[in-house]
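Participant: Mind looking over this structure? Questions follow.
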Amino acid sequence: MLGNIYVYRSGGMGDVLWLEPVLKSLSSKYKNVYFYTNFKSLFENIPYKNVIIKDIPPGWFRAILKLLNFVSGKKKYHRLDGYCYEAMPKMPILHAYQKYFGLEKTEEYPTIYLSEKESSTKVSNKIKYAVLHLDANSSSNFRKVYGINWEIIVRSLAQKNIDIIQIGNRIEPIEGTTIFSGNLRELIQLINHSSLFIGVDSGPSHIAASLNIPSIIFFGSVNPWFRHFKSKFKGVILQQYCEYAGCYHEVIGGSGQECKLVGKNGIPKCCVHSDQTLLNALDTII
């Protein structure tokens with residue numbers, strides 16, 4: 001077994017979550033795996049005793065880790081921000097991580113390890129509810145949803161005795177919904193007990209997919225099958241036709257390709273949906 005390895009990935013939430021299968025593989029190869037991230041609580045209850053999840057260290061400590069590579073002559077410290085799927089945009093995130101570390105390629109979702117309480121106790125007192133997430137942590141127009149009258153969707157689900165709980169950091173309240181406020185573990189617990197997830201391509205959508213919650217996920221210029229595995233995904237992908245479909249992946253980096261039709265300030269056609277399209281998707285799941 002090899003010595004210690006130090007892995008750094010600060011964010012975003014979904015990108016960090018996809019490292020769980022990688023940490024599992026590395027735990028069988030290294031004496032200790034130290035993982036530094038802003039989303040430490042994603043990995044609570046992880047069963048691998050030699051995987052140590054830590055908060056992002058101060059700059060001076062990161063400098064020491066970099067020096068470790070130089071002194072040892074080996075790559076022991078791995079800063080992944082900007083060097084994995086950002087550098088290899090035309091493959092699933094997990095496969096980019098696995099290729100970086102020289103691991104066997106697999107098709108699997110991350111495992112989220114729930115405590116007994118999280119598994120058995122609901123955060124919300126709603127009997128049946130859907131989780132709605134519309135504010136991706138990005139101002140990019142190609143990651144937004146246009147054309148939906150959400151009050152119509154809320155009423156339609158209410159007729160099926162399903163309430164909607166909105167989540168996010170920049171929520172625009174929709175009449176008839178409840179707004180969730182809680183920490184990340186409580187969010188995981190909320191999603192785990194939901195009947196349905198509806199939202200944009202984001203960290204919460206990856207949590208829902210990993211928990212095997214039926215999901216309707218809106219995609220713009222991002223190829224959904226570079227974010228999910230078609231053979232494993234449970235739900236419906238909503239993405240409208242565009243002659244430049246998947247153009248996000250045409251550039252190296254984490255920002256993606258600016259819309260070729262409307263630039264960064266217009267409304268990309270791949271993101272314009274209709275109430276009926278969403279209602280039809282709901283009918284296939286409920």
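Participant: May I ask you to list the chymotrypsin sites (Phe, Trp or Tyr not before Pro) in region 86-164 that are in a DSSP loop and have at most 11 other Cβ atoms within 10 Å of their Cβ? Walk me through the numbers before you get to the answer.
Facilitator: Working: sites: Tyr97, Tyr100, Phe101, Tyr113, Tyr129, Phe142, Tyr146, Trp150; in loops: Tyr113.
Here no loop site has a sparse enough neighbourhood.
Participant: Using every Cα-Cα pair within region 132-229, state what percent have a distance larger than 16 Å. Can you show the working numbers first?
Facilitator: Details: 2671 of 4753 pairs.
Considering region 132-229, 56 percent of its Cα-Cα pairs are separated by more than 16 Å.
Participant: In the structure shown, do any of Lys40/Lys76; Lys76/Lys105; Lys24/Lys264; Lys40/Lys269 have a Cα-Cα gap over 29 Å, and if so which?
Facilitator: The answer is Lys24/Lys264; Lys40/Lys269.
Participant: Are there trypsin sites (Lys or Arg not before Pro) in region 210-286 that DSSP puts in a loop and that have at most 15 other Cβ atoms within 10 Å, and which ones?
Facilitator: Qualifying residues, ordered by number: Lys230, Lys232, Lys234, Lys260, Lys264.
Participant: Also, I was wondering about something else. What are the residues whose amide H is under 5 Å from the amide H of Gln166, where those residues sit 5 or more places off or on another chain and H is modelled from the backbone?
Facilitator: Correct list: Leu132, Thr178, Ile179, Phe180.
Participant: Express the Stokes-Einstein translational diffusion coefficient of the chain in µm² s⁻¹, to the nearest whole number, given a Kirkwood radius over alpha-carbon pairs, 25 °C and a viscosity of 0.890 mPa s.
Facilitator: D = 122 µm²/s.
Participant: Can you tell me, using C-alpha contacts under 8 Å and at least 6 residues apart, the relative contact order of the chain as a whole percent?
Facilitator: About 18 percent, as a whole number.
Participant: Projected area of region 231-286, taken from the Cα convex hull and averaged over every viewing direction, in nm²?
Facilitator: Averaging across all directions leaves 5.4 nm² for the Cα convex hull.
Participant: On to the next question. For region 231-236, what does the Karplus curve 6.51 cos²θ - 1.76 cosθ + 1.60, with θ = phi - 60°, yield as ³J(HN,Hα) per residue in whole Hz, taken in order and with x for Gly and Pro?
Facilitator: Running phi through 6.51 cos²θ - 1.76 cosθ + 1.60 with θ = phi - 60° gives 6, 10, 6, 10, x, 10 Hz.
Participant: Non-local amide H neighbours of Gly235 (under 5 Å, H modeled in plane, Pro and chain starts lacking H): which ones?
Facilitator: Under 5 Å from the amide H of Gly235: Ser215.
Participant: Taking a ≥ b ≥ c as the square roots of the Cα gyration tensor eigenvalues, with a/c under 1.5 meaning rounded and otherwise prolate when a/b beats b/c, else oblate, which class fits region 183-238?
Facilitator: prolate
Participant: Considering only DSSP beta bridges with both partners in region 1-99, what is the antiparallel share in %, to the nearest 5?
Facilitator: Values: 0 of 13 bridges.
Roughly 0 percent of the beta bridges in region 1-99 run antiparallel, per DSSP.
Participant: For region 78-85, in order, what is each residue's ³J(HN,Hα) by Karplus, 6.51 cos²θ - 1.76 cosθ + 1.60 with θ = phi - 60°, in whole Hz (x at glycine and Pro)?
Facilitator: Karplus values, whole Hz, x for Gly and Pro: 10, 8, 8, 4, x, 10, 10, 5.
Participant: For region 37-125, what does the alpha-carbon gyration tensor say about shape, rounded, prolate or oblate, given a ≥ b ≥ c as the root eigenvalues, a/c under 1.5 as rounded, and a/b over b/c as prolate?
Facilitator: It comes out oblate by the Cα gyration axes.
Participant: Return the long-range amide H neighbours of Ile148 (sequence gap of 5 or more, or a different chain), with a cut-off of under 5 Å between placed amide H atoms.
Facilitator: His273
Participant: If ligands, DNA and RNA are left out, what is the accessible area of Glu44 with a 1.4 Å probe, given in Å² to the nearest 10?
Facilitator: Accessible area of Glu44: about 80 Å².
Participant: Ranking request for peptides 121-128, 185-192, 236-243: highest mean number of other beta-carbon atoms within 10 Å first, then the rest in descending order.
Facilitator: The most tightly packed comes first, giving 185-192, 236-243, 121-128.
Participant: When the helices in the chain are scored as -39500 (n - 2.57) per DSSP H run of 4 or longer and the sum is shared across all residues, what 222 nm value do you end up with, to the nearest 500 deg cm²/dmol?
Facilitator: -7500 deg cm²/dmol
Participant: Normalised by the residues of region 147-228, what does the relative contact order come to in percent, with Cα pairs under 8 Å and at least six apart?
Facilitator: Relative contact order, region 147-228: 18 percent.
Participant: If pairing requires two Cys Cβ atoms under 4.7 Å apart, which cysteines of the chain are left without a partner?
Facilitator: Isolated Cys, the chain: Cys84, Cys247, Cys259, Cys271.
The values are calculated or read from the model by the stated rules, or taken from the named source; none is laboratory data. Just so it is clear, the structure is predicted and the values come from calculations on it, not from any experiment. Positions of Cβ are backbone-derived with ideal geometry, glycine not excepted, and every protein chain shown enters the neighbour counts. Just so you know, the surface numbers come from the protein's heavy atoms only, side chains and all, with ligands and any DNA or RNA stripped out. Shrake-Rupley method; radii C 1.70, N 1.55, O 1.52, S 1.80 Å.
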